[in-house]
Amino acid sequence: MELATAAVVSTASIHHGRSHSSAPRTASWSSSSSPSSSWSLSIPASTSRSQRRRLLVTSAAVELREAAAGGGDSVRVIETPQPNSCVKFSVEVPPSICQECYQTTLLEYSKRFKVPGFRPGKIVPENVLLNYVGPQHVRAATVEAILRHTLPQALSSVEERALEDSVRILTKFDDMNEAFSLDHVFRYDVAVDVVPEVRWLSEDKYKNLKVVIEIDEIVDAEKAAELELKRRRKSLGLLRIVTDRGLQVGDLVVLDILAETITTDGSKGEKIPSAESTGFHLDTEENTNLVPGFLGSLIGIRPGETRTFPIQFPESFEQETLQGVRAQFTVVCKELFYRELPELDDSLAAKLLPGCNTIDEVKERILERCKEVEKTAIEQATDNAILDQLGKLVDVDVPRSLFQEQGQQLYGAKLLQLQAERKLDKDQLASLSSEKSVQEYLKSERENITRIIKQMLVVGEIFKAENLQYSTDQLVKEVENSIEEFKRYNQDYDEGNIKQQVQDVLEAAKVLEWLKENCTIEYIKK
């Protein structure tokens, strides 16, 4: 199964809040001063999309609540919604709980350390234990124990909609450690991302959806078949040197190209290395990538001739630094050829397409292939257009953690594709896998990543609202295929994550199928 959008590739899809992920949501903190080398806070994960709750984001909404701690004093929590579907908790821990955690820490240390003069397991007096372990270590371990003890209570109001691995303790550990006292309230701030609310911009939501899809002429099967037959015939032709005329469309020419910018006063500026080339082979019938006006300025040029002419790069030019730039090109014609094409008769059929005996058979089979390509291209364009339209129908406050996760998955899929196409060696792959490269990608692709997240969240909403389903056999098959793909290229993978991603892909396929049957689609030629 394939979907024509990066939003639904099996290695790059979001987890719809991850509320049904098999992995626990954890916030971990390592410290050599604690009784154990690390600790983790686990927030139970709900098991179904239907159990999700939505966060009503209101700037003025601040909730104050109290969480009971062991039936005694309570932890006070001020809950404040933040931008990007984040909730901040300001936590106040009473001295009684701090003292309880302190005593627990001392007891744990007395069990773990062999203090001279005391048998293993025996309770060691506080002053002796402090002198042996060091008061600074006991203090740090007590702070961790307080966090471990109170965080689940502090975050209990969002446990069913908290996003996995998004818990962030905002107060610096050193500041908490320095401020800690058994006689005073212990304070800290913590934040967590929650499942974002999908806010529809119209009452109709996705109902009565109308989508207009522009189809490129190159997709047209009839025209594509003609071009393909022409290309195959050209490949069988012979190149002959042109001696008695200048360049005309249909020729192949070898050029040396120099380019310089033109300043506002008309003088020459800097060289443009990306526009220069030596021994450049130009097929004048395949010039879609040329700067507008370049080929027209060369018509009639003869071998050995040099031409200089100005050209302005279009504002839509792919290379941003050249968009709208005025340049002066100096072009030397080195060699000029024309093609001597073979007669298009049945004797050429087998060379044009192995297995064919007549030209009519060649044309028929090429047309069949082009129709398949046309069908796939139209399906992909339709999927893309529908998803793009869906993204425009909603407003979503995308959480930071969800953006990071989705962006990293998209980047990983990109590297996997490049590796599959053998465009990367080990050194290049290592360089592109660095944290710096990932962050640069996230920054440059922020708009695209956000768009994809919005699309996939909308897909999840529609899948649930319309009670759509896919078969277990489909899920198992796609998971197996994805795992095989990772194994083929020796990539690490998490089977649980792959299963979740495949579920997202299957959901998207079902939603797109439903929308195609229940919305208005119009196709127009570009």
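The values are calculated or read from the model by the stated rules, or taken from the named source; none is laboratory data. Keep in mind it's a predicted model, so treat the numbers as computed, not measured. No Cβ is skipped: glycine too gets one built from the backbone with ideal geometry, and neighbour counts run over all protein chains shown. Remember, those area values only see protein heavy atoms, side chains included, never the ligands or the DNA or RNA. Shrake-Rupley method; radii C 1.70, N 1.55, O 1.52, S 1.80 Å.
Among the listed pairs Lys414/Lys443; Lys363/Lys516; Lys414/Lys499; Lys205/Lys516; Lys392/Lys477; Lys205/Lys375, those with a Cα-Cα distance over 23 Å are Lys363/Lys516; Lys392/Lys477; Lys205/Lys375. Here the gap between Gln469 and Lys351, fully extended at 0.36 nm per residue and compared with their Cα-Cα distance, gives a gain of 37.6 nm. Run the accessible area of the chain with a 1.4 Å probe and give the carbon-and-sulfur part as a rounded percent. Taking all protein chains in place, the chain shows 47 percent carbon and sulfur surface. Solvent-free Debye calculation, one equal scatterer per alpha-carbon of the stretch 388-514: log10 I(q)/I(0) at 0.13, 0.14, 0.21 Å⁻¹ equals -0.65, -0.74, -1.32.
Per residue, the convex hull spanned by the alpha carbons of the chain comes to 251 Å³. Note: relative contact order over the stretch 185-341, using C-alpha pairs below 8 Å and six or more positions apart, is 28 percent.
The 1.4 Å probe gives accessible areas that order Ile453, Ile299, Ile241, largest first, as Ile241, Ile299, Ile453. Taking only the alpha carbons of the stretch 132-173, we obtain Rg and Dmax values of 13.5, 44 Å in that order.
Label separation (Arg199 vs Val476): 4.4 nm, computed from points 7 Å beyond Cα along the C-beta direction.
With +1 on each Lys and Arg Cβ and -1 on each Asp and Glu Cβ, and nothing else charged, work out how big the dipole of the stretch 342-382 is about its Cα centre, in Debye to the nearest 20.
Value, rounded to 20: 180 debye.
Solvent-accessible surface of the stretch 215-312, averaged per residue with a 1.4 angstrom probe and all protein chains in place: 60 square angstrom. In the full protein context, the stretch 454-502 carries 58 Å² of accessible surface per residue, based on a 1.4 Å probe and ignoring ligands, DNA and RNA.
The three principal axes of the Cα atoms in the stretch 341-381 give end-to-end lengths of 39, 20, 13 Å, sorted in falling order.
Straight-distance candidates among the aspartates and glutamates for linking to Lys122, with alpha-carbon spacing under 17 Å and chain neighbours fewer than 8 residues away dropped: Glu108. In this label model, Thr306 and Lys88 are separated by 6.6 nm, measuring between points 7 Å along each Cα→Cβ vector. With angles folded into 0 to 90 degrees, how steeply does helix 135-154 sit against the dominant principal axis of the chain? Use alpha carbons for both and round to 10. Taking the Cα atoms of the chain, the angle to 135-154 is about 70 degrees. Between Asp283 and Trp514, the modelled labels are 4.6 nm apart [label points 7 Å from Cα along Cα→Cβ].
Between helix 221-235 and the chain there is an angle of about 70 degrees, using the helix long axis and the longest principal axis of the Cα atoms.
Divide by every residue of the chain the summed helix terms, -39500 (n - 2.57) for each DSSP H run of at least 4, and state the resulting mean residue ellipticity at 222 nm, rounded to the nearest 500 deg cm²/dmol. Taken over the chain, the calculation gives -13000 deg cm²/dmol. Here the ratio of the Cα radius of gyration of the stretch 150-204 to 2.2 N^0.38 Å is 1.63.
Taking Ser90, Ser274 and ordering them by how much accessible surface each has at a 1.4 Å probe, largest first, produces Ser274, Ser90.
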